[in-house]
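Structure first, commentary second.
The values are calculated or read from the model by the stated rules, or taken from the named source; none is laboratory data. On a predicted model such as this, the values are computed, not experimentally measured, just so you know. Cβ placement follows ideal geometry from the backbone for every residue including glycine, while neighbour counts extend to all protein chains displayed. Only protein heavy atoms, including side chains, enter the accessible area calculation; ligands, DNA and RNA are left aside. Shrake-Rupley method; radii C 1.70, N 1.55, O 1.52, S 1.80 Å.
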Amino acid sequence: MKEISLQLYSIRDAITELGFEKVLDEVAKMGYTGVEFAGRGDVSAKDMKKYLDNAGLKAVSSHTGYAILKDELDAEMEYMGYLGAKYITCPSAPMGTLSQVEETAEVLNIVGKKMKENGFTLSYHNHAPELWLTVNGKRSLDYLYEITDPEYVKAQLDVFHVLRADVDPYEYVKQFAHRMPTIHLKQMLSCESKEDARAGDGVIDFRKIIDITSKTGTVEYIYEDEGRGDQLEMARVSAEFLLTI
């Protein structure tokens, strides 16, 4: 891959210990070309932009909490717009009951419309429970995408969590590839353990995922690893593999 971004939650402990400036420089040295934020602490947009520019990284996206999207959207768009990001993603929302899914869909449609009017794209990022749970006779995630406007609410599938829910990740990606500008490449050690693994050490064929999505408009590939260990070293090892596929 010529371009691969890192979800910064993967190296959250390193950020806490060393700060964004040092860690972003390390991320760039590994070969990543962009990042997706999962919180920014108290770093100003001006300082964060300087850190990114100095490292030669682009701000691709941000995982932004549901409550922030509802109540502080203008401030979030101002910050991410200053960094040059085009995508803002909701990482979770109430999805356990029919009424929750329908309310979430209503909120995301409103938020997504406003974001599009301001030059951003909203996506929803899944975890396994949205595929385990069913509402209205369908998977909660399927129903959410059915009742949200695809013009305003895109999919950011996490292939690890799709497989964790015992759903075929390749077929599921095909189902929603038409509305997926960004995707999470996250590796699973085995279907039995369902543990995180480094990019080259698991059962998910990232090359196959890329081949499917690259034909339908996915433009940003974002790697994430929530495994235990030295987070910077884990990210570095995975980058070595990702840059070869």
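For the reader, a short list of remarks on this structure follows.
- Under 20 Å from K22, Cα to Cα: lysines that are on another chain or at least 8 residues apart: K46, K49, K50, K58
- Carbon + sulfur, % of accessible area of segment 1-98 - ligands and nucleic acids excluded, 1.4 Å: 48 percent
- Of the trypsin sites (Lys or Arg not before Pro) in segment 195-225, the ones in a loop by DSSP (not H, G, I, E or B) with at most 14 other beta carbons within 10 Å are K215.
- Scattering curve values for segment 1-118, log₁₀ I(q)/I(0), Debye with Cα scatterers, q = 0.19 Å⁻¹: -1.00
- When DSSP beta bridges are restricted to pairs lying wholly in the chain, around 15% turn out antiparallel.
- Value of [θ]222 nm, deg cm²/dmol, for the chain, DSSP H segments ≥ 4, -39500 (n - 2.57) each, nearest 500: -13000 deg cm²/dmol
- Spin-label model distance (nm) - E3 vs N54, 7 Å beyond Cα toward Cβ: 2.4 nm
- Per residue accessible area in Å² of segment 151-192, where ligands, DNA and RNA are left out and the probe is 1.4 Å: 33 Å²
- A simple charge model with +1 on the Cβ of Lys and Arg, -1 on the Cβ of Asp and Glu and nothing else charged puts the dipole of the chain at about 600 debye relative to its Cα centre.
- Positive-end extreme of charge dipole, segment 116-245 - chosen from I204, L243, S214 (charges on Cβ): S214
- Hydrodynamic radius of segment 1-60 per Kirkwood, over alpha carbon pairs, in Å: 11.3 Å
- Once the 1.4 Å probe is applied to the protein heavy atoms, segment 28-84 comes out at 46 Å² accessible per residue.
- Just the protein heavy atoms count here, and of the accessible area of segment 160-217 at 1.4 Å, carbon and sulfur take up 46 percent.
- Two-site FRET efficiency, T16 against A45, from Cβ-Cβ distance with R₀ of 25 Å, rounded to 0.05: 0.80
- Overall dimensions of segment 32-92, expressed as equivalent-ellipsoid semi-axes from the Cα gyration tensor (√(5λ), whole Å, largest first), are 20, 12, 9.
- For a straight C-alpha distance cut-off of 22 angstrom, the lysines reachable from K138 (same-chain residues fewer than eight places away being disregarded) are K154, K174.
- The three principal axes of the C-alpha atoms in segment 115-245 carry coordinate ranges of 40, 34, 25 Å, sorted with the longest axis first.
- Kirkwood hydrodynamic radius (C-alpha pairs) into Stokes-Einstein, the chain, 37 °C and 0.692 mPa s, D in µm²/s: 181 µm²/s
- Principal axes of segment 60-160: Cα extent on each, largest first, Å: 42, 27, 22
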